[in-house]
Structure formats: C-alpha cells, structure tokens
Amino acid sequence: MHLDVQDLKNFYYRQSLGRAVQRVVRNEVVRHWPDTTGQTVVGFGFAVPILRPFLAKSRRVIALMPGPQGVMHWPAGAPNVSVITDEFSWPLETGHVDRLVLFHGLENCEHPAYMLEEARRVLGPGGRVLFIVPNRAGIWSRTDATPFGFGRPYSLGQLETQLRVNGFSPERHSTTLFALPSHNRSWQKTAPFFETLGPRLPFAAGGLIMVEASKRANHKTGTPVMNAASKRLGVLSGLGAKQVKPVISPRR
C-alpha cells in the first residue's frame, strides 16, 4: 500500500519530526556516497528528501514516483526533475544509472520481484543501489505515526536474501534512526545523542535498514515466476474453484 504523496510531503517538510528524520537519513546516504560528481543519480519511491545534496555536482538527478503514490514538483523553486511512473516500467534507458536509491519504494510494492528487475535493468556497469526500508525489529515500524509504519518491514537477513534472489550482491549495510518516533520537541532534541550512541550498542535496533548493493552480471533475467500451490490429482481434479492470476503491469 502506497501512502499519498501529500501525506509524505506533509511529514517531511511540515512536521518537525519529519524534518529531523530527513536530516538523519540524508546524512547517512551521503556517508555511503560522498561524491557523485558527473554521475546519474535516481531515486524511486519518495526519495526527494534525501536527493538534494546530489543536485549540485551530479550530471543528472531524477526522482521517480510510483503512480499509486502520486507525484509532486521537485525541487521547489527550480526546474522540475520528478516524474510519475509505473512501478514496473521506468522511463529510463537500460544501464545508464550510476546511483539508485529506493526510499518508501520496496516495502510498499505488492510485487517486489518485478520492481527489482526494473531496478537491475537501469543500473549501469559499476553502479550501486541503496535500499532503505523499515527495520522489522525497530520501533518505527510498529507505529502508524510516521510513514515507516506502513508497508512491509524487513530484517537485514530478509532484505539481503530477497536482493540475492533477484540478481543483486549486497556490499555493505548500516542502520539508522535510533531516536524515538515522537513528535515531542524535548525528545527530538535528544536525537543527535541517540544517533551517535545507537550504532555502538549491540542491542539497539535502528528504525531503518540500509543495504548498498551491486547487480550480478551472471544473473538470469526474465519475468519472475510465481509458485503455484501443489494439489492432489483425482478423478474430479480441475472441476473445482476457478484459478485467478494476479494482474501485473505489462513488461516492455
């Protein structure tokens, strides 16, 4: 289930908690990718809160927003670089993206294998993709007071397994967002302390998991196949309930 773009915009740009989250996540993304000079940087989902640092030096920055979510003009006061797109068919050339970040994208997708196939298609040689998802063990995924309480949270093992199955090689990972998901201003002032201390505590679970990955060159491409449930064969087999296949957007 996708949140509406207006709800996401209100959280990240009009609420103090959302602005604090924006700073924390953006700083962590920049730590992964400190220099994107001359590169093509693409965000999918609602990645605009963390793409701004890349506008100055990158060759091109594009914000892809899925149709069920909606789209907004971005960046404010400058020529628009955001575009609405089908989740499984992105308006990008094959192999031309150097850096790709998925934020509010993977956990909200009903058929992630198809979306991951598209992410793999657009990623160029030597390219890197950063997946940012709610942590299943964190408290941020357990409340609907923030956008991270919606969709499918992941553990690190679940996310890395899904990436490997779909042709990616996880390279490194990190966790962030150790502060409490509270709108109380007093708690928000303690956020820098928690973000510094959290990674050093083995029992602390950050609200977000970040996994940086590259694509495997030897992965077999093609339309993912859904597993069919096995059933017994009998004299009257095939005369029971009608089978219905899920509707998937057509591939190009």
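The values are calculated or read from the model by the stated rules, or taken from the named source; none is laboratory data. Bear in mind that the values here come from a model prediction, so they are computed numbers and not experimental data. Don't worry about glycine lacking a Cβ; one is built from the backbone with ideal geometry, like all the others, and counts go over all protein chains shown.
Residues in the range 56-80 that are assigned to a loop (DSSP other than H, G, I, E, B), of a type in the set (A, V, I, L, M, F, W, C) and touching a residue at least 24 places away in the same chain (Cβ under 8 Å): 3 in all.
Residue pairs whose Cβ atoms lie under 8 Å apart, sitting 6 or more positions apart in sequence or on different chains, and linking a residue in the range 22-37 that is in contact (Cβ under 8 Å) with a residue 60 or more places away in the chain to a partner that is assigned to a helix (DSSP H, G or I), are V24/A191; V24/E195; V25/P49; V25/I50; V29/I50; V29/P53; W33/F54; T36/F54. Determine whether S16 is at pLDDT below 95, in contact with a helix residue (DSSP H, G or I) (Cβ under 9 Å, 6 or more places away or on another chain) and farther than 20 Å from L130 by Cβ. For S16, the condition - at pLDDT below 95, in contact with a helix residue (DSSP H, G or I) (Cβ under 9 Å, 6 or more places away or on another chain) and farther than 20 Å from L130 by Cβ - is met. Residue count for the range 22-37, restricted to those that are of a type in the set (D, E) and modelled with pLDDT of 95 or more: 1. Do you know which residues across the range 60-86 are surrounded by 13 or more Cβ atoms within 10 Å (Cβ to Cβ) and on the phi > 0 side of the Ramachandran plot? Hit for the range 60-86 is G70, nothing else.
If I go through the range 101-116 residue by residue, how many of them are in a loop (DSSP other than H, G, I, E, B) and either of a type outside the set (S, T, N, Q) or buried (at least 24 other Cβ atoms within 10 Å of the Cβ) (or both)?
At the first step, the residues of the range 101-116 found to be in a loop (DSSP other than H, G, I, E, B) are 104-111.
Now restrict to residues that are either of a type outside the set (S, T, N, Q) or buried (at least 24 other Cβ atoms within 10 Å of the Cβ) (or both): 104-107, 109-111.
Of the residues in the range 101-116, 7 are in a loop (DSSP other than H, G, I, E, B) and either of a type outside the set (S, T, N, Q) or buried (at least 24 other Cβ atoms within 10 Å of the Cβ) (or both).
Residues that are in contact with an Asp or Glu (Cβ under 8 Å, 6 or more places away or on another chain), part of a loop (DSSP other than H, G, I, E, B) and either on the phi < 0 side of the Ramachandran plot or at pLDDT 95 or above (or both) within the range 117-169 comprise F150, R152, P153, N166, G167, listed in sequence order. The single condition among (1) within 12 Å of the chain's Cα centre (by Cα); (2) modelled with pLDDT under 95 that E110 does not meet is (1).
In the range 170-212, the residue that is modelled with the highest pLDDT out of those that are in contact with a Pro (Cβ under 8 Å, 6 or more places away or on another chain) and part of a loop (DSSP other than H, G, I, E, B) is G207.
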